[in-house]
Amino acid sequence: MARKKQAASKVDTNAWMTTFSDLLNLLLTFFVLLLTMSSLDNKRLKETFGYFNEAVAGLGTRSATEITPPVRNFPPPILPTALFKDLRKYLSGGKKKRTPKNLDRLRRKLTMLGMADLVGFQEAIDGLRISVDSEPLFAPGSADPLPSAIPFLTGVAQLSRDLDRQMIIECFWDGKDYSNGNQTGVSKDLAVARSAALGELFVRRFGMKGKNIGISASSVPIKSERGRVRFTYMD
C-alpha cells in the first residue's frame, strides 16, 4: 500500500515579530537605564537603597545607605572658558541686552556644557546671580576649594575683574541642627569659613581688589539653595 504523503507543516511567517518585540523591549530598558543613571540624586539614591537594609541586615554586609555616589566635578577648563565668554557679553551689553531671552540662552549653554545641575543663573534687583552647587567646589566638611574647581573659580574672578564689578560671595548653610557633631551637611560655621576662604583665594591668587569683594553666610528658606554658593555681580 502506498504511503500517504504527510501534509507539509505550515510555516508561521510572523514568528520574527516575537524576537523583534523582545529586542525593542531590551533597547527601551537600556535607554531608560541610561536616562536614570545620567544624574544621581544622593537623597533619592539613599531612599531607594534603604528598602534593602532589612534584607541585608543579617548578612553582615555594609548597609545599602552607606553607598556614596561619585563626587561631581566641573568640566575641563576649556568649557568654563566658553561659558564665561558668553557671560561677559551678557553683562557688558547693558540693561537692553540683559533680557529674559538672552538669559535663557545662557541657561541652554549650561545644558550643552553638562553643567545645568551644578550652576544656575538668576537676574535680581542687585545684579546677576550665579548659584553653584557646593559639592564640586568643596570636599564634604571642608572649607578648602577643590583643585578641580579652580578653573571655574578663575572664570568667576576674571569676569568681575575685567568688568570692574563688585562681587558678593554668599555661602548658605542648610539650616540643620549640628549640635550633635554631625557634619554631613553645611553648618553655619562651615558656610562662614567657606565664604572667607573664597574671598581670600580671589584676592591672593586671582588678584582681585579687596574693595570689590563682599562675603556673606546665611540661611535661605528655599531648599534648592541650601548648602550652595552664590556669586552676585553687582549693578
task: Enumerate the pairs (first residue in the stretch 10-35 and without any contact (Cβ under 8 Å) to a residue 12 or more places away in the chain; second residue anywhere and loosely packed, with under 10 Cβ neighbours inside 10 Å and not in a helix (DSSP H, G or I)) with beta-carbon separation below 6 Å, excluding pairs fewer than 6 apart on the same chain, so at least 6 apart or on different chains.
output: none
- prompt: Considering Leu163, Leu146, which residue is touching a strand residue (DSSP E or B) at 6+ places or on another chain (Cβ under 9 Å), surrounded by fewer than 18 Cβ atoms within 10 Å (Cβ to Cβ) and closer than 23 Å to Lys95 by Cα?
  reply: Leu163
- prompt: Taking the condition out of contact with any helix residue (DSSP H, G or I) (no Cβ under 6 Å at 6 or more places or on another chain), small (Gly, Ala, Ser) and surrounded by fewer than 18 Cβ atoms within 10 Å (Cβ to Cβ), does Gly93 pass?
  reply: yes
query: On the given criteria, is Phe152 buried (at least 18 other Cβ atoms within 10 Å of the Cβ) and aromatic (Phe, Trp, Tyr)?
result: yes
task: Report yes if Glu135 is within 16 Å of the chain's Cα centre (by Cα) and farther than 30 Å from Gly93 by Cβ, otherwise no.
output: yes
field: Output for the stretch 196-235, where each listed residue is farther than 18 Å from Pro147 by Cα, in contact with an Asp or Glu (Cβ under 9 Å, 6 or more places away or on another chain) and part of a helix (DSSP H, G or I)
entry: Asn212, Lys223
message: Out of the residues in the stretch 184-200 meeting the condition of being farther than 16 Å from Phe231 by Cβ and not basic (Lys, Arg), tell me which one is surrounded by the most Cβ atoms within 10 Å (Cβ to Cβ).
response: Val186
- prompt: What number of residues within the stretch 104-129 are touching a residue at least 60 places away in the same chain (Cβ under 8 Å) and within 13 Å of the chain's Cα centre (by Cα)?
  reply: 1
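Readers should treat all values here as calculations from the given coordinates under stated rules, not as data from a laboratory. Only a predicted model underlies this, so the values are computations on that prediction, with no experimental measurement involved. Every residue, glycine as well, gets a Cβ built from its backbone with ideal geometry; the counts of neighbours run over all protein chains shown.
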